[in-house]
Amino acid sequence: MKHYDVLIVGAGPAGLAAAHAAAAQGAQVGIIDDNPLAGGQIWRGGPDLQTDPRAPRLWNALRAEDNVEFMPQTRVMYAPQPNHLLVQTSGAALTLYYRKLVLATGARERLLPFPGWTLPGVTGAGGLQALSKGGYPLRDKRVVVAGTGPLLLAAAATLRAKGAHIVAIVEQAGTPALLRFGLGLLATPSKITQALQLASQLSGVPYLRDSYVHSAHGDGTLQSVQIQRGGERDQETLQCDFLACGYGLLPNVELAQALGCATRAVDGQIAVTVDQWQQTSVADVYCAGEGTGVGGVDLSLAEGRIAGLAASGYQQLAQEGFGARARWRKFAARLARAFALRAELRTLAGDDTIVCRCEDVCHGDLRTHTGWRSAKLQTRCGMGPCQGRICGGATEILYGWRPDAVRLPISPTRVSSLIES
Ligand SMILES: Cc1cc2nc3c(=O)[nH]c(=O)nc-3n(C[C@H](O)[C@H](O)[C@H](O)COP(=O)(O)OP(=O)(O)OC[C@H]3O[C@@H](n4cnc5c(N)ncnc54)[C@H](O)[C@@H]3O)c2cc1C
């Protein structure tokens, strides 16, 4: 069994900031992440290779410490007793003991069903961005980027830099909400700089506001998408090879819920409840970053640092980060207001549109059920390999359902690991 003062799940910005803060105070720190490399979503591909100077700075500082251990390709299987986690690495099952645990599990994209969304060539916006960062070839491919939120701009900029032709960015939010959000950026000058950089990287790309993808079409693979422009009766067809479509982010709360941490609804998302020290409702368990609510990299870094310091017993130092956290929480609230989903998105799926992609369950099979549990038991919705991570976000929007129980293991586990443990 391995022992840590502070064990961190998730090596994105929040997890790395928590690790750095705790390690600098002399704590024995362990970091586990299910990816092969650290960095989380925004610093995918490794923090040492990022242009944001905070990423290599954090990573190099952590690598220089001999009280920090990073375990890649490692995920939690089970919590056999308080302060213990049973994890699966790429080759073995291990028990980790912690004095304090920091959950920094981030967020995932919300995907919504519409006719044709299961055609090859249709992906999430961040999903196609992640594929391209991993080497998936997109040179000269025509890509429509659609959905909502600033991630569309970041994804489109990455795809363009990889040689894709961005046909259009299709944003469901309306002009007044976008203008209000733009004005709100005055409170966070670094975001204005970022917005200007993105605008220059995307110059010439049509940005269709108040618009959404109505359906995707193609014979075996994607060939075109139909766009509904707000207020207009006619739809517009865009020819493309890829549609990268994501409707904002959802906090990854499953591990926290399985450990018994309380959650709450915040800005339409379920997020982990934390106190001023980022401590959850469970003793010795903290949460930082997008698991506590979606707010971007700066909020994740601020929360991670507070959690790392508080978990290692340095509350006074942690308190110095409260101002930055409050500022970025306000930014998160403006983000949620500006990119709230429009009601029409609930009406796109037809009876034969698949909602649960793992188990091939259609909208027509689901809409008569009264809740997640009944649908799950009678249709197998949410019982496939993703365990509801994709369809859970969709069924919440379509039918107002929320999963009522989460049990470990929350992700597929090797039988050999279960036997070994
Ligand atoms: C697909 C995608 C692409 C994004 N791209 C951008 C972008 O280009 N620009 C931008 O500004 N923002 C982007 N974001 C938003 C970005 O996620 C946040 O701004 C920021 O990275 C959040 O940091 P975090 O540390 O809270 O979480 P994350 O960066 O999400 O890190 C969480 C880490 O925890 C790991 N993890 C989760 N659960 C477990 C588990 N049970 N066991 C082990 N490991 C686990 C994950 O694999 C991940 O590495 C993106 C988000 C997503 C979902």
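Considering only residues in region 59-86 that are aliphatic (A, V, I, L, M) and in contact with a Phe, Trp or Tyr (Cβ under 9 Å, 6 or more places away or on another chain), the one that is nearest to GLY45 (Cα to Cα) turns out to be LEU62. Would a scan of region 347-356 turn up a residue that is small (Gly, Ala, Ser), part of a helix (DSSP H, G or I) and in contact (Cβ under 8 Å) with a residue 12 or more places away in the chain? The answer is no, given that none of the residues of region 347-356 is small (Gly, Ala, Ser), part of a helix (DSSP H, G or I) and in contact (Cβ under 8 Å) with a residue 12 or more places away in the chain.
Here the condition is being more than 15 Å from PRO113 (Cα to Cα), within 15 Å of the ligand (Cβ to nearest atom) and among the basic types (Lys, Arg); of ARG414, ARG389, ARG373, ARG337, it holds for ARG414 alone. Exactly one residue out of LEU249, LEU198 is over 30 Å from PRO409 (Cα atoms), within 11 Å of the ligand (Cβ to nearest atom) and out of contact with any Phe, Trp or Tyr (no Cβ under 8 Å at 6 or more places or on another chain): that is LEU198.
Could you list, in sequence order, all residues of region 374-394 that are in a helix (DSSP H, G or I) and buried (at least 16 other Cβ atoms within 10 Å of the Cβ)? Residues satisfying the conditions are ALA375, LYS376, THR379, CYS391, GLY392, GLY393, ALA394.
Just one of the listed residues (SER312, SER300) is within 16 Å of the ligand (Cβ to nearest atom), surrounded by 24 or more Cβ atoms within 10 Å (Cβ to Cβ) and of a type in the set (S, T, N, Q), namely SER300. Of everything in region 255-274 that is more than 10 Å from the ligand (Cβ to nearest atom) and among the small types (Gly, Ala, Ser), the residue that is surrounded by the most Cβ atoms within 10 Å (Cβ to Cβ) is ALA271. Listed by first and then second residue, the pairs linking a residue in region 409-421 that is surrounded by 12 or more Cβ atoms within 10 Å (Cβ to Cβ) to a residue that is basic (Lys, Arg), with Cβ atoms under 6 Å apart and 6 or more places separating them unless they lie on different chains, are SER411/ARG75. In region 111-123, is there at least one residue being outside the structural domain of CYS358 (by TED's automatic domain parsing), closer than 30 Å to GLN278 by Cβ and either more than 15 Å from the ligand (Cβ to nearest atom) or not hydrophobic (A, V, I, L, M, F, W, C) (or both)? Checking region 111-123: not a single residue is outside the structural domain of CYS358 (by TED's automatic domain parsing), closer than 30 Å to GLN278 by Cβ and either more than 15 Å from the ligand (Cβ to nearest atom) or not hydrophobic (A, V, I, L, M, F, W, C) (or both).
The rows are residues; the columns are (1) in a loop (DSSP other than H, G, I, E, B); (2) of a type in the set (Ser, Thr, Tyr).
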{"position": "ASN35", "(1), (2)": "yes, no"}
{"position": "ARG57", "(1), (2)": "no, no"}
{"position": "GLN81", "(1), (2)": "yes, no"}
{"position": "THR95", "(1), (2)": "no, yes"}
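When the residues of region 220-240 are narrowed to those that are in a strand (DSSP E or B) and not β-branched (Val, Ile, Thr), which ends up farthest from LEU345 (Cα to Cα)? Here the answer is GLN239.
Given the condition within 9 Å of the ligand (Cβ to nearest atom), within 21 Å of SER421 (Cα to Cα) and either surrounded by fewer than 23 Cβ atoms within 10 Å (Cβ to Cβ) or without any contact (Cβ under 8 Å) to a residue 12 or more places away in the chain (or both), answer yes or no: does some residue in region 75-87 qualify? Yes, some residue in region 75-87 is within 9 Å of the ligand (Cβ to nearest atom), within 21 Å of SER421 (Cα to Cα) and either surrounded by fewer than 23 Cβ atoms within 10 Å (Cβ to Cβ) or without any contact (Cβ under 8 Å) to a residue 12 or more places away in the chain (or both). Among residues of region 17-33 being away from the ligand (no atom under 12 Å from the Cβ) and assigned to a helix (DSSP H, G or I), the one that is farthest from the chain's Cα centre (by Cα) is ALA24. Counting only residues that are without any contact (Cβ under 8 Å) to a residue 60 or more places away in the chain, hydrophobic (A, V, I, L, M, F, W, C) and part of a helix (DSSP H, G or I), region 168-219 holds 9 of them. When residues in region 275-294 are screened for being away from the ligand (no atom under 13 Å from the Cβ) and more than 14 Å from VAL9 (Cβ to Cβ), 6 of them pass. With respect to ARG329, is the statement that it is touching a residue at least 12 places away in the same chain (Cβ under 8 Å), within 16 Å of the ligand (Cβ to nearest atom) and crowded, with 18+ Cβ neighbours inside 10 Å true? Spelling it out, it is not the case that ARG329 is touching a residue at least 12 places away in the same chain (Cβ under 8 Å), within 16 Å of the ligand (Cβ to nearest atom) and crowded, with 18+ Cβ neighbours inside 10 Å. Is there a residue being acidic (Asp, Glu), out of contact with any Pro (no Cβ under 8 Å at 6 or more places or on another chain) and more than 15 Å from the ligand (Cβ to nearest atom) anywhere in region 2-16? Looking for residues that are acidic (Asp, Glu), out of contact with any Pro (no Cβ under 8 Å at 6 or more places or on another chain) and more than 15 Å from the ligand (Cβ to nearest atom), one finds at least one in region 2-16, hence yes. In summary, ALA187 fulfils each of the numbered conditions (1) modelled with pLDDT of 95 or more; (2) more than 15 Å from the ligand (Cβ to nearest atom) with the single exception of condition (1).
Residues that are assigned to a strand (DSSP E or B) and touching a helix residue (DSSP H, G or I) at 6+ places or on another chain (Cβ under 9 Å) within region 106-140 comprise ALA107, ARG108, GLU109, THR123, listed in sequence order. Inclusion of GLN319 among residues that are exposed (fewer than 15 other Cβ atoms within 10 Å of the Cβ) and under 30 Å from ILE306 (Cα atoms) is warranted.
The values are calculated or read from the model by the stated rules, or taken from the named source; none is laboratory data. Just so you know, these numbers come straight off a predicted model, no measurement behind them. Cβ: placed from backbone, ideal geometry, glycine included. Neighbour counts: every protein chain shown.
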